[in-house]
Amino acid sequence: MEAQSYKLLDGKAVSAQMKKEMAEEVVRIKAAGGKIPHLAAILVGHDGGSETYVANKVKTCNEIGFKSTLIRYENDVTEEELLGKVDELNRDDDVDGFIVQLPLPKHIHEQKIIEAIDYHKDVDGFHPINVGRMSIGLPCFVSATPAGILELLRRYQIPTRGKHCVVLGRSNIVGKPMATLMLQKAYPGDCTVTVCHSRSENLKEMCLSADIIIVALGVPEFLRGNMVKEGAVVIDVGTTRVPSTLTKSGFKLTGDVKFDEVAPKCSYISPVPGGIGPMTIVSLMRNTLLAGKKAIYD
Ligand code: GUN
């Protein structure tokens, strides 16, 4: 069969446009004497991936004109210390939203920290109140990766109504919220949704019947060409740091999709890097802007 000529879902370009729109809004807020949105981030330890993600979040705040605060702890921080800082940020009127970068060291109960965050400031959308509100379609902070994917689908006007969307992965951060959102009576949404995971027996057959595949497994090059039907839309959420001698940093970001095999079958496909990664960061910025404007909760 003849190969499709696929189009790239250019998250880098779309996120640059969104940053520009938000920077313009900050200028307008400033001119009107309003409050500049302020994001705080808590980073524990020195995990390479987390360091990079948090540095990018702070850098993007600066580019847009938001205020940002980075709070760092060593790996031996106690749960009490972290809970104390969360409480302080909850009460700090200058901080509109904050995040605790995950994963946390094993001795800290991650869910306890997440639930200690005031949901009004939970710009990651991880608090059960935000998750619950999202699942029944109420205004809330939607976690950044799923929100970024929805925005990319919207800006490329990808048809979703009635389509079969297969989500690979069932994490609380991506797979589950993504499936919930694609099911929602909305655009993007209105899909028939199937969620597959590491225990699924018929994963390949499910993928072959999918119009839209969203891969969030964290398994490099998992999705192969023979798992995708002609004309499908493929979204690659994978960002595994694979050691490489070809880059200055010593690693290469690798997606969950074997791009060379899959792309020729697709109508649209998101690349790694330059696809969902930049959309995730910009969606966190959007949540921060909404928090600063008290647009979701008073
Ligand atoms: N670790 C991986 N992704 C995320 C994210 O979106 N937010 C936080 N806080 N930690 C993460």
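Under the shape rule built on the C-alpha gyration tensor, where the axes satisfy a ≥ b ≥ c, the range 240-298 is oblate, since a/c reaches at least 1.5 while a/b does not exceed b/c.
Cα-based radius of gyration for the range 46-137, normalised by 2.2 N^0.38 Å, reads 1.11.
Out of all DSSP beta bridges with both ends in the chain, state the antiparallel percent to the nearest 5.
Percent antiparallel among DSSP bridges in the chain is about 10.
Using the Karplus relation 6.51 cos²θ - 1.76 cosθ + 1.60 with θ = phi - 60°, the per-residue 3J(HN,Hα) values for the range 29-34 come to 4, 4, 4, 8, x, x Hz, with x marking Gly and Pro. Comparing mean-square fluctuations of Asp94, Asp76, Asp236 from a GNM of the chain with C-alpha springs under 10 Å, the top value falls on Asp76.
By the Cβ distance rule (another cysteine Cβ under 4.7 Å), the unpaired cysteines of the chain are Cys61, Cys140, Cys196, Cys207, Cys266. Across the range 204-254 the C-alpha pair distances fall into 5 Å bins from zero in the proportions 5, 20, 23, 18, 13, 10, 7, 3, 0 percent.
Here's the list of lysines a cross-link from Lys185 could span, going by alpha-carbon distance under 19 Å and ignoring same-chain residues fewer than 8 apart: Lys163, Lys176.
Please enumerate, by chain and number, the aspartates and glutamates with C-alpha under 12 Å from the C-alpha of Lys106, excluding those fewer than 8 residues away in the same chain. Cross-link targets: Asp76, Glu79.
Regarding the range 140-184, what whole-number volume in Å³ per residue does the convex hull of its Cα atoms give? Show your work: numbers first, answer last.
Working: hull volume 3.4 nm³, N = 45.
Per residue, the Cα convex hull of the range 140-184 comes to 76 Å³.
Taking a straight line from the alpha carbon of Lys294, these aspartates and glutamates sit under 16 Å away, with near neighbours fewer than eight places off in the same chain left out: Glu25, Asp92, Asp93, Asp94, Asp96, Asp118, Asp122, Asp124. Quick check on the range 1-98: take the gyration tensor over C-alpha atoms, sort the square-rooted eigenvalues as a ≥ b ≥ c, and tell me if it's rounded (a/c under 1.5), prolate or oblate. Verdict is oblate for the range 1-98.
When the alpha carbon coordinates of the chain are projected onto the principal axes, the ranges are 60, 43, 38 Å, largest first.
If only the Cβ of Lys and Arg carry +1 and only the Cβ of Asp and Glu carry -1, the dipole of the range 57-205 around its Cα centre is close to 1000 debye. Derived scalar couplings between HN and Hα for the range 158-163 equal 6, x, 10, 4, x, 7 Hz in order, rounded to whole Hz, by the Karplus curve 6.51 cos²θ - 1.76 cosθ + 1.60 (θ = phi - 60°), x for Gly and Pro. Here are some pairs, Lys57/Lys121; Lys67/Lys248; Lys204/Lys229; which of them have Cα atoms lying more than 20 Å apart in this structure? In this structure, Lys67/Lys248 lie more than 20 Å apart at Cα.
Quick note: the coordinates plus some simple rules give every number you see, no bench work behind them. On a predicted model such as this, the values are computed, not experimentally measured, just so you know. Quick reminder, even Gly has a Cβ in these numbers, built from the backbone with ideal geometry, and neighbours come from all protein chains shown.
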